[in-house]
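The values are calculated or read from the model by the stated rules, or taken from the named source; none is laboratory data. Note that the structure is a prediction, hence the values are computed from the model and not measured. No Cβ is skipped: glycine too gets one built from the backbone with ideal geometry, and neighbour counts run over all protein chains shown. Ligands, DNA and RNA are excluded from the accessible area calculation, which covers all protein heavy atoms including side chains. Shrake-Rupley method; radii C 1.70, N 1.55, O 1.52, S 1.80 Å.
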Amino acid sequence: LAWIAAFMLAVSMLNSLYRPDPTAVVSLLGIYAGACPDSGPAVAILFAGAAACTLLADAAWWFTDETVLARSLGTADEFNHLPRSMQLPVCLTALGLLY
């Protein structure tokens, strides 16, 4: 659990450079839940619920942002027509949705 949360922290910290992303705080909770032997199953359940909420927030951003919605992103050519400032957040959000 701690390794998954550490990966989430790395992705969310990069994504926070481009858009607000609460996943970094949630991933710290996951690192605590996985690494500290004192944490009980309630902390892991809290982490799972909070991670599900951030997944919903990422999906909401994906489906409501005008820049992403203007293109279907079905091909690489459509992705290349995104502004450069949006290409990395779109990739990081997709990566975050897959974890």
Q | Pairs where the first residue, in the range 48-62, is under 15 Å from residue 27 (Cα atoms) and polar (S, T, N, Q) and the second is modelled with pLDDT under 90 and open to solvent by less than 40 Å² (accessible area, probe 1.4 Å), C-beta under 6 Å, 6+ apart | A | 54/23
(Q) Being at pLDDT below 85 and either more than 17 Å from residue 97 (Cβ to Cβ) or surrounded by fewer than 18 Cβ atoms within 10 Å (Cβ to Cβ) (or both) is true for just one of 37, 22. Which residue is that? (A) 37
Q: Would you tally the residues in the range 1-19 being open to solvent by 70 Å² or more (accessible area, probe 1.4 Å) and in contact (Cβ under 8 Å) with a residue 40 or more places away in the chain?
A: 5
Q: Under 7 Å between Cβ atoms, at least 6 apart or on separate chains: pull out the pairs that start in the range 32-46 with a residue that is touching a residue at least 40 places away in the same chain (Cβ under 8 Å) and end on any residue that is surrounded by 17 or more Cβ atoms within 10 Å (Cβ to Cβ) and part of a helix (DSSP H, G or I).
A: 44/33
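It is to be established whether one or more residues within the range 53-71 are touching an Asp or Glu at 6+ places or on another chain (Cβ under 6 Å) and not acidic (Asp, Glu).
Yes, the range 53-71 has at least one match.
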